[in-house]
1. Please specify each residue of the range 8-54 satisfying the condition of being part of a strand (DSSP E or B) and of a type in the set (A, V, I, L, M).
2. Would you say residue 260 is within 11 Å of the ligand (Cβ to nearest atom), assigned to a strand (DSSP E or B) and of a type in the set (Val, Ile, Thr)?
3. Name the pairs whose Cβ atoms lie under 9 Å apart, with the first residue in the range 101-121 and without any contact (Cβ under 8 Å) to a residue 24 or more places away in the chain, the second open to solvent by 30 Å² or more (accessible area, probe 1.4 Å), and 6 or more positions between them or separate chains?
4. List, please: which pairs have Cβ atoms under 6 Å, are six or more places apart or on different chains, and start with a residue in the range 123-140 that is in the same structural domain as residue 109 (by TED's automatic domain parsing) and end with one that is of a type in the set (Asp, Glu)?
5. So which residues in the range 158-199 are open to solvent by 80 Å² or more (accessible area, probe 1.4 Å), part of a loop (DSSP other than H, G, I, E, B) and over 25 Å from residue 234 (Cβ atoms)?
6. Could you grab the pairs with beta carbons closer than 6 Å, sequence gap of 6+ or different chains, first residue in the range 166-194 and assigned by TED's automatic domain parsing to the domain that holds residue 237 and touching a residue at least 60 places away in the same chain (Cβ under 8 Å), second one acidic (Asp, Glu) and open to solvent by less than 80 Å² (accessible area, probe 1.4 Å)?
7. Quick one: residue 306 ticks every box in (1) within 15 Å of the ligand (Cβ to nearest atom); (2) among the polar types (S, T, N, Q); (3) free of Cβ contacts under 8 Å to residues at least 40 places away in the same chain bar one, so which box is it?
8. Out of all the residues in the range 7-14, is one or more open to solvent by 20 Å² or more (accessible area, probe 1.4 Å), touching a residue at least 60 places away in the same chain (Cβ under 8 Å) and under 26 Å from the mean Cα position of the chain (by Cα)?
Amino acid sequence: MSCPISAVSQMLERNQALFVGKRLLVCGALEDDYPRQLATLAQSLTVFTTDYCYYRSQQAALGEAILFDHQLGGAPRFDALLLLMPKAKAEAQYLLAMMTPLLEAGADLFLAGENRGGINGADKLLAPYGDKPIKRDSARRCSLYHGELSKPVAPFNLDSWFGRYQCKAGETKLTVLALPGVFSAAELDLGTQMLLATVPAMKGSLLDFGCGAGVIGSVLAKRNPGLKVTMVDINALALESSRRTLAINGLQGEVHASDVYSDITGSFDQIVSNPPFHAGLKTFYAATETFLAKAPEFLRPHGSLTIVANAFLRYQPILEAHFKRTEVSNSDAKFKVYLSKV
Ligand SMILES: C[S@@+](CC[C@H](N)C(=O)[O-])C[C@H]1O[C@@H](n2cnc3c(N)ncnc32)[C@H](O)[C@@H]1O
């Protein structure tokens, strides 16, 4: 089934002569089937995504042409890069630093995105790699910039991209490592802080759903020796951050990609989460609603789910419909912590 393509892709479509015959690398905020069209125009196409949800939606059609990871390495082999502007500028900088060593000298650099998403800062983003890019097109509140790789590129050094901070959740101190654009990359979220101050001692197994930089799973692993921790997220940068956060604190845990429960097998004694939300974006609500409604299927008898959410989000009726007991175990003007038991 084909879905409508985004405004950015519609603008790219009318400029697609630029991609004909290229060895093209595409990355960034991918959201539709348009890369399949590019595959028919380019000499070769590689799509790199950090979004597991997008990867799963395109994998059957693109096969080995789509890769999901936090990093892509190897020798220079592409002569064009198309970066779809991610929400966080720091993530765009990260992707450019990682991708440009894979480009041959003189390669085309294309940056496309919505005007409200910061695409008009493309000049500054591309400045370390080439001379002033030109604006190729502007339509449907989107813009396409085109530059050329004309400056020498440094090898990509993943380690230098991790932000690091110390946090204290209750009595537990933790060092957090996070790649650009990962939730709570610079400081502990206030909701997560309230959740970690509320959640009781635990044993057995824990699923940290939507682990971000791995704060919840790591703090609970540190507080509860012997706890078997599994962390999942859809974001490859989050997953690598969680692995690093565990490692730097000397903790153990299993970390892997999952779109809600797509890659979860088995069941847990506890699920703890600060689940994804974004006011106005239905997809996030849908993922979180499925996460809450199906949680009992992934919990052992007497298992519990503890989540924190913005007080305005109406999760209580969903929890009450799917769990035997639900209580608000902590709250303030902004957040509520819900504890539900199967
Ligand atoms: C509010 S953040 C919480 C991060 C971290 N647990 C913390 O408390 O700092 C929610 C996380 O859920 C992840 N996420 C979004 N949609 C998801 C999905 N469908 N399946 C799994 N994780 C998802 C996001 O990438 C993000 O890292």
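1. Correct list: 24, 25, 26, 45, 47.
2. Against the criterion (within 11 Å of the ligand (Cβ to nearest atom), assigned to a strand (DSSP E or B) and of a type in the set (Val, Ile, Thr)), residue 260 does not qualify.
3. Here the result reads 120/135, each pair linking the range 101-121 to a residue that is open to solvent by 30 Å² or more (accessible area, probe 1.4 Å).
4. 130/148
5. 171
6. Between residues of the range 166-194 that are assigned by TED's automatic domain parsing to the domain that holds residue 237 and touching a residue at least 60 places away in the same chain (Cβ under 8 Å) and residues that are acidic (Asp, Glu) and open to solvent by less than 80 Å² (accessible area, probe 1.4 Å), the close pairs are 180/91; 181/91.
7. So residue 306 meets the others, but not (3).
8. Within the range 7-14, one or more residues are open to solvent by 20 Å² or more (accessible area, probe 1.4 Å), touching a residue at least 60 places away in the same chain (Cβ under 8 Å) and under 26 Å from the mean Cα position of the chain (by Cα).
The values are calculated or read from the model by the stated rules, or taken from the named source; none is laboratory data. All of these numbers come straight from a predicted model, not from anything done at the bench. Note that each Cβ is placed from the backbone with ideal geometry, even for glycine, and that neighbours are counted across all protein chains shown. Accessible surface is based on the protein model in full, side chains and every heavy atom, while ligands, DNA and RNA are left aside. Shrake-Rupley method; radii C 1.70, N 1.55, O 1.52, S 1.80 Å.
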